[in-house]
Amino acid sequence: MKQYLELCQRIVDEGQWVENKRTGTRCLTVINADLEYDVANNKFPMITTRKSYYKAAIAELLGYLRGYDSAEQFRDIGCKTWDANANDNGAWLNNPNRKGEDDMGRVYGVQGRGWQRPDGSTLDQLAKVINNLKNGIDDRGEIVTFYNPGEFELGCLRPCMHTHTFSLLGDTLYLTSYQRSCDVPLGLNFNQIQCFVLLALVAQITGHKAGKAYHKIANAHIYENQLELMRDVQLKREPFESPKLAINPKIKTLEDIETWVTRDDFEVTGYQSHEPIQYPFSV
Ligand SMILES: Nc1nc(=O)c2c([nH]1)NC[C@@H]1CN(c3ccc(C(=O)N[C@@H](CCC(=O)O)C(=O)O)cc3)CN21
Ligand SMILES: O=c1ccn([C@H]2C[C@H](O)[C@@H](COP(=O)(O)O)O2)c(=O)[nH]1
């Protein structure tokens, strides 16, 4: 929590204003942030200086791991975060590749689970990584990347947290996640949870201990219409202790994640937070 608040304060104190053509809203911006999460000691990085909706963040991650490509699929598992980008984003609505209501196109999990090879076959990046890790193999390339510049025009948004590198050291699994662009008031609240859960979950299904998750962000920003709430409300509050996360121990395989796991297989205990803050969302 401390590192989150320090990043917010750094943006407020040192950020530079950057125009953003896609959304039409300026952002106060800093470059480079390194966050880390102590998964080994179950310090769940949930924001406490406002109410955090962690189940939606976990559902979004489950959708990525399943290769979902429609906002309806995300809604069905308890996550509304893709509605606006699929259905209210002018550039995407006018893109001839959009297949209709709720289509997100070839984003995130579509790349992670079905990267198109030149010969027309597809590559399941996630299955390869899970298989290797299960067999104790780290080939120094246990990477799942959603970032496919050749197909950006086939999706509603370029992936933000785009690449996940798993590393095995003895019997402990580590994760390094890379993010190109970060909406600190809204997106980061979700992304922190997702880094933590991704490591905890993959460690569980591959039979390893979880170590630390390292989260590397290039462009970290606060939209102009979010600044006042962040500076004058959220940053004035004192954080509470981090809660703990329990994951259903019956989750044992990638197939479990694909078939029956829901957001209710994840429970947080010891969460105390300040009042909710509703930040504006820029499409
Ligand atoms: N401008 C922008 N910021 C983002 O963080 C973002 C995008 N666009 N586009 C793609 C995804 C969608 N994400 C989102 C979208 C909405 C919320 C959001 O509204 N969160 C609220 C309530 C969540 C709920 O009730 O489930 C919050 O208070 O955290 C969070 C992340 C993250 N990404
Ligand atoms: O997981 C996510 C997804 C998106 N975001 C934010 C970061 C930016 O504010 C927008 C994406 O806009 P671009 O113009 O494509 O950079 O969404 C996030 O923080 N986390």
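The values are calculated or read from the model by the stated rules, or taken from the named source; none is laboratory data. Since this is a predicted model, take the numbers as computed values, not measurements. Cβ: placed from backbone, ideal geometry, glycine included. Neighbour counts: every protein chain shown. These accessible areas exclude ligands, DNA and RNA; they are computed on the full protein's heavy atoms, side chains included. Shrake-Rupley method; radii C 1.70, N 1.55, O 1.52, S 1.80 Å.
Sequence-ordered 3J(HN,Hα) estimates for region 111-120 from the Karplus curve with 6.51, -1.76 and 1.60 and θ = phi - 60° stand at 6, x, 9, x, 5, 6, 8, x, 7, x Hz, glycine and proline given as x. Applying the criteria of a DSSP loop state and at most 13 other Cβ atoms within 10 Å to the GluC sites (Glu not before Pro) of region 218-269 yields GLU241. Take the Cβ atoms of TRP17 and GLU241, set R0 to 30 Å, and the FRET efficiency comes out at 0.30.
Spatial offset of region 1-73 relative to region 204-233 amounts to 4 Å, using the alpha carbon center of each. Of ILE217, ILE47, ILE137, the residue with the greatest mean-square motion in the GNM of the chain, using alpha carbon springs below 10 Å, is ILE137.
Beta-bridge orientation, the chain: approximately 75 percent antiparallel, per DSSP, counting only bridges with both partners inside.
The trypsin sites (Lys or Arg not before Pro) of region 125-195 meeting both criteria, a DSSP state outside H, G, I, E and B (loop) and at most 12 other C-beta atoms within 10 angstrom of the site's C-beta, are ARG140.
Ordering PHE44, ALA86, TRP17 by the projection of their Cα atoms onto the charge dipole of the chain, which places +1 on the Cβ of Lys and Arg and -1 on the Cβ of Asp and Glu, puts PHE44 at the extreme positive end.
For the chain, with all protein chains present and a 1.4 Å probe, just round the carbon and sulfur fraction of the accessible area to a whole percent. Don't skip to the end; give the middle numbers.
Details: 6340 of 13060 Å².
Of the solvent-accessible surface of the chain, carbon and sulfur hold 49 percent.
Solvent exposure of region 71-214, expressed per residue, is 41 Å² of accessible area, with all protein chains present and a 1.4 angstrom probe.
Report, in listed order, any pair from LYS2/LYS55; LYS2/LYS134; LYS80/LYS250; LYS2/LYS250 with a Cα-Cα distance greater than 30 Å. Where the Cα-Cα span goes over 30 Å, the pairs concerned are LYS2/LYS134; LYS2/LYS250.
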